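Below is one structure; the comments refer to it alone.
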Amino acid sequence: MPPTDAVTLNNWWPTPTDVRLRGGYTRWLTGISGQVETLMSYAGAATTKMFAAAGTAIYDATTTGAVGAAVVSGKTNARWQSQNITTAGGNYMYAVNGADSPLLYDGTNWTVITGVSVPAITGVTTSTFSDVLLHQNRLWFVQKNTLKLWYLPVISVGGAAAALDLSSVATLGGYIVSILSWTIDAGLGVDDHLVVVTSRGEVIVYRGNDPSAAGTFALVGVWQIGAPVGTRCLMKYAGDCLVVCQDGVYPLSGALQSSRTNPKVSITDKIQFAVSEAVTSYGSNFGWELLYYPKLNALWLNVPVAEGNNQQQFAMNTITRSWTQFTGWNANCWTLFNDEPFFGANGFVGKAWSGASDNAGAIAANALQAFNTFRNPALLKRVTMLRPIFQTNGAPAIQVGTNVDYSTTDTTSPLAYSGTATGAWGSGLWGSATWGSGLSLLNQWQGATGLGYAIAPRVKATASGLDVIWSSTDIVMEPGAIL
C-alpha cells in the first residue's frame, strides 16, 4: 500500500492536506413512531419542504423540534420514491411506494392519484408504481415486479398512461428495479438518455423523447453489470450516473464502455474487498443509498447493517478519491435539504455534519496507517518513539501505538499531553481567564515499542465538541540486522 493509505480509517475524514475527525450530528426532528425509511424534499417556486415517512404515516420535517401530527396516514409502508415536477399548474412532488396509490403534493395538499381522482392517471393500476422519474419533460413510472414502464403526456401530472414493455429487450428476465436520466454525448450532441436497471443486472439505455414515435425514440444498447443492491441503487452524479451493484459502485460512463472484470472502473476499487463483504453480508437489507454532499466534496454510501442500529457509511472525498468509514450514524435513508445532509433513523430525523459531537455524545475515531518497510523489507526495525502531530481547540483523548508485520491487534496507549484551558464566556474572570486562540498544536513525542520488518502507526482519538486535525506522524526507529 502507498504510505498515504490506511488499513483502517474509521470516523476520520481525509482532506487533500490532512485527516480530520468527522463532523457530528444533531437530532432535527424527534418523537417519530418507528423507523424513518424515507426522506423527501419538495422544491416549490419560493419554498422548500422536507417530509419523513415512518410506519404507515408521513410527517412534515421542514422545521426542527418535536414532530407534529402526520400529514398522511394509513399507508402500507414507508419506502417511498419521490420526484419533483413543475407544470403550468404549479410545483408538484409525486411519491410512490409500490403498494399504495401514488401521492401528489402541490405545496399544500396531498392528493391520492387513481384512475378517477383529480388529476387522474388512467390505463393502469396506479398502486403498482414502485419508482418515478422526470425524463424528457414527462413522468415515467416503474410497474412493480414487472419489466414494464408507464409514461404520461409531456409536462403533465395526469392523463392516459402509455406502456413501454421491455420483456423482449431484457433477455435475462427479472424485473425493473430503478430508472434514471443520464446526460451524455453519444455522438449526436449532449442529450438525456433513459437508463433502466433490472434485478438481473441488465442496464437498458434508450435515446429520444417520445416513446410513441419510432423515429425519435430508439434503443441505444443493453449491458450487463452486477445485480443492483437495494431499490435506491441509482444516483445522478454531475453528468453521469452511479449504480450500486454487486461489483461495487460504478459510473455508467465507465461501466458500459469497459470490461466488467476491470475493477479500476469502479469508484470503490480501493475498498472493493470491504464493499464486497458488506454486500455479501447485508445486501438484502433495506437502506442501501448514495448521497452526494457538494459542500464537503463528499460521496456517502449507506450500508444497512441492521435497520436503525449499527448502520455504517463508506465515504469518499471526491477531490482525492480517498475513502473512509463512518460509524455512529444509524441512518436508514438520506436526502439533501437546503443543501444540507439529513438522515432518517429510529424515531428521529438527524442532521449530519452538524457540530462536532454525535447528539452531544463523543465521536471515536480509529486509524491504522499502511504498513511500511521503509524501502528495506529484510531489515529488522525497533520502534522507540512516535509523534503524531495534531491541531485542536481543546483536549481530546488520544491514543497512539505501533503495529508490526501486518498484525492488526490494537496496541495503543494514551498520549500524555495537556490541552490549553480557556475561559468560558459569561463565567471567566475578565483579566484572568485565558482567551481562546483557535487551534493549538500538539506535537509531543511518545514512547513506543515494536519490533518487526514492517511498521504501521495506529492513532485513535475521542472528542466531543472539538476540532481534531491530524497532520502527520513521525517515527523513531533503530535498525537491526538483516535476517
| field | Residues in the stretch 100-118 reached by a label modelled at ALA160 [backbone nitrogen below 19 Å; 7 Å Cα→Cβ] | value | 114-118
| message | Neighbour counts of other C-beta atoms within 10 Å: give me LYS75, LYS236 arranged from fewest to most. | response | LYS236, LYS75
| Cα-based reach from LYS351 at 20 Å (exclusive), listing lysines while leaving out same-chain residues under 8 positions away | LYS49, LYS295
| message | Run the helix sum for the chain: -39,500 (n - 2.57) per DSSP H stretch of 4+ residues, divided by residue count, reported at 222 nm to the nearest 500 deg cm²/dmol. | response | -1000 deg cm²/dmol
| field | Fewest-first ranking of LEU180, LEU466, using other Cβ atoms within 10 Å as the exposure measure | value | LEU466, LEU180
| message | Under 14 Å between alpha carbons, and skipping anything fewer than 8 positions from LYS381 in its own chain: which aspartates and glutamates qualify? | response | ASP405, GLU478
| If you find the alpha carbon centre of the stretch 85-144 and of the stretch 194-257, how far apart are they in angstrom? | 22
| query | About the Cα centre of the chain, what is the dipole size in debye to 20, counting +1 per Lys and Arg Cβ and -1 per Asp and Glu Cβ, all else neutral? | reply | 460
| For Cα extents along the principal axes in Å, the choices are (1) 66, 56, 41; (2) 68, 50, 47; (3) 78, 61, 37; which was calculated from the structure? | (3)
| query | How far is helix 272-282 tilted off the main Cα axis of the chain, in degrees rounded to 10, range 0 to 90? | reply | 60
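Laboratory data are not the source of any read-out in this text; all were calculated from the coordinates shown. Just so you know, these numbers come straight off a predicted model, no measurement behind them. When we count neighbours, we look across all protein chains shown, and the Cβ atoms used for this are built from the backbone with ideal geometry, even at glycine.
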